[in-house]
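Following: one structure in structure tokens, then a few remarks.
The values are calculated or read from the model by the stated rules, or taken from the named source; none is laboratory data. Since we're looking at a predicted model, the values are computed, not measured. Note that each Cβ is placed from the backbone with ideal geometry, even for glycine, and that neighbours are counted across all protein chains shown.
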Amino acid sequence: MPPLSNLFRAGDAGHGGDAFGAPSIVCRPVARGEIESALRLLLASENGSASDEQVLDFLSFAVERKIDVNSIWVSATSDGQILWMLLPVVSAGRTMLLFTPGRVPRDTPVAAIADLVESVCAHFATRGTALAQMLIDPNDVEVIEQYTRCGFAKLAELVYLHRAAPKHVPQPPIPEGFRVETYSPSNHAHFATAIKQSYTASLDCPALNGLRDIEDVMAGHKCSGEFDPGMWYLMMQGDAPAAVLLLGRTHNDSLELVYLGLSPDVRGEGIGDWLMQLALWRVAADRRGRLSLAVDSGNAPALALYYRHGMQQIGSRVAMLRDLRALTTNAAADKVKVQSVQQTAADR
């Protein structure tokens, strides 16, 4: 495979096995010489292993998104056969996105998947990661079932929308009775309040409500694309935060609508439409090719808003979530039990 030959060097995957000569399964970080094989498993389709071009495209994507492929974890036999892989990407806000293969190869042991999930989740939980998330093609039913057995729950089916940038869009006039601010440390608390208020009776991934501290939420939003405080908008009604529009630049000529939220007091007053007009104006002003976003498929009001403004569906993913904080709680409890047993033995 000439296109990849200079990217990966052979690594020692280890050898050995059980007392009867059968290779054992070990969950561990990837060796450099295994990265190519792990990526081929990640990108494999029903038609077989991924091509050189697909691997190179993913590597280019990883560089753009600052994803370190050396962070891959694998479950592998002691003779070096990779059975399953996960690529964890930890972000601000104590969250982690796990890239996973979309196909389970025939004869893959269930333990190869389950043990790797537990190893990766436990490793990052002890380092402060609170939530692990996966985005899986809805058609990959077997993979979804595997991760459901591993403690992940379906959060939502996310619909991905985009539209081309409008050519000539005037900046929309601010609605009467409101003023608009962009983000700064001085109004950080007002942004936080507006975002928290927007969760009330929201249909946008309601299962997330209460799982994250608002500071973690905002830190996560800042990492969605390139953060520019001038693209975070806050609508104030008098002294009260009323709505937010958070935009971020991406690496593919898009402006991403990271979050749009309204407090219950201003819903039904056309504020969502005004914020979409503002977003489309900003796309054109920033000379970006398109506006993109993801929304919960169950959020009918938001979908209606986005479709009104010309957004079109380009795909969907099942978002799966696992709360990792129980792992650290259980680990702490086990440590206390061990210490108690050791103390009892010492007393004897």
(message) Just the residues that are buried (at least 18 other Cβ atoms within 10 Å of the Cβ) and among the small types (Gly, Ala, Ser), please, taken from the range 180-223.
(response) 194, 198, 202, 220
(request) Evaluate the following for residue 151: is it on the phi > 0 side of the Ramachandran plot, of a type in the set (Gly, Ala, Ser) and not assigned by TED's automatic domain parsing to the domain that holds residue 37? (result) yes
(message) So in the range 27-74, with the set limited to residues that are assigned to a strand (DSSP E or B) and at pLDDT below 95, which one is farthest from residue 97 (Cα to Cα)?
(response) 48
(request) Would you mind telling me which numbered condition in (1) of a type in the set (Ser, Thr, Tyr); (2) out of contact with any Gly (no Cβ under 9 Å at 6 or more places or on another chain); (3) surrounded by fewer than 17 Cβ atoms within 10 Å (Cβ to Cβ) residue 75 fails? (result) (3)
(request) Pick out the one residue from 278, 257 that is of a type outside the set (S, T, N, Q) and touching a helix residue (DSSP H, G or I) at 6+ places or on another chain (Cβ under 7 Å). (result) 257
(message) Just to be sure before I move on: is residue 300 out of contact with any helix residue (DSSP H, G or I) (no Cβ under 9 Å at 6 or more places or on another chain) and modelled with pLDDT under 95 in the structure I sent?
(response) no
(request) Could you look through the range 103-152, keep only residues that are among the basic types (Lys, Arg) and in a loop (DSSP other than H, G, I, E, B), and pick out the one that is nearest to the chain's Cα centre (by Cα)? (result) 127
(request) Within the range 102-120, count every residue that is within 17 Å of residue 154 (Cα to Cα) and crowded, with 22+ Cβ neighbours inside 10 Å. (result) 1
(request) Test residue 322 against the criterion of being in a strand (DSSP E or B), modelled with pLDDT of 95 or more and not polar (S, T, N, Q), and give yes or no. (result) yes
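Would you check if residue 190 is of a type outside the set (Lys, Arg) and more than 20 Å from residue 292 (Cβ to Cβ)? Show your work before the answer.
Working: of a type outside the set (Lys, Arg): yes; more than 20 Å from residue 292 (Cβ to Cβ): yes.
Yes.
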(request) Would you please list the contacts, defined by Cβ atoms under 7 Å and residues six or more apart or on different chains, that run from a residue in the range 55-82 that is assigned by TED's automatic domain parsing to the domain that holds residue 45 and under 22 Å from residue 113 (Cα atoms) to a residue that is of a type in the set (S, T, N, Q) and modelled with pLDDT of 90 or more? (result) 73/119; 82/37
